[in-house]
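None of the figures in this text is laboratory data; all of them are computed from the coordinates on show. Everything numeric here is computed off the predicted structure, so don't read it as measured data. Please note: Cβ atoms are built from the backbone with ideal geometry, for glycine as well, and neighbour counts cover all protein chains shown.
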Amino acid sequence: MVTNPDPFTGNEEELSLGLHTLENPEGELHLRFYLASGKEFALPATGIAEVTQQAPDDIASIPNASPLLLGTINLRGKIIWVADLGQFLGESKSVNSDRPTIPVIAIETQDQVLGLAIESIGDMDWLDIEHLKTTSDLPDTMAPFVLGQWQEKSENQPLYLLDSPKILRSARWAA
């Protein structure tokens with residue numbers, strides 16, 4: 001039986017006992033993820049079309065394509081390329097394809113869509129761009145695609161922010 005038809009009436013003390021204060025998140029929403037090397041990266045959620053798990057057999061290899069490209073997948077009726085993001089960024093380790101599924105992040109800018117195969121998906125996190133620091137210790141193969149880094153107090157390794165449009169428009173795909 002309901003004794004109080006309006007649960008939001010009463011004094012402030014009564015209301016604060018059962019309710020948690022919700023804080024507005026700082027920054028913008030990002031997807032965190034890892035490459036085979038263990039490095040952690042982030043992409044803005046606004047540039048992500050979809051995150052999916054693909055069976056290695058569902059990635060159709062294409063002869064004479066760039067070695068950075070694993071092949072193509074059918075993403076909701078649209079055929080898109082899937083690239084090994086670690087290899088694209090110059091990492092020595094390739095994405096592990098000897099497993100049931102490979103995480104793929106489909107990034108989108110205007111009408112271009114590209115799947116990025118990674119080692120593992122992390123969390124969605126609100127990251128403040130104002131705390132982004134410039135990076136100077138990155139290899140030349142990675143530096144053009146990294147906007148900066150966050151150094152979190154609890155982590156030894158930095159979190160790198162990638163530039164989706166630069167990745168999509170890179171001349172490396174033609175090689």
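State yes or no: is residue 31 closer than 17 Å to residue 163 by Cα, hydrophobic (A, V, I, L, M, F, W, C), assigned to a strand (DSSP E or B) and touching a Pro at 6+ places or on another chain (Cβ under 9 Å)? Walk me through how you get there before you give the answer.
Details: closer than 17 Å to residue 163 by Cα: yes; hydrophobic (A, V, I, L, M, F, W, C): yes; assigned to a strand (DSSP E or B): yes; touching a Pro at 6+ places or on another chain (Cβ under 9 Å): yes.
Spelling it out, residue 31 is indeed closer than 17 Å to residue 163 by Cα, hydrophobic (A, V, I, L, M, F, W, C), assigned to a strand (DSSP E or B) and touching a Pro at 6+ places or on another chain (Cβ under 9 Å).
Tell me, which strands (runs of 3 or more DSSP E) lie completely within segment 42-143 with 3 or more residues that are buried (at least 20 other Cβ atoms within 10 Å of the Cβ)? First the steps, then the outcome.
Values: elements: 48-54, 69-75, 78-84, 102-109, 112-117, 120-127.
Correct list: 69-75, 78-84, 102-109, 112-117.
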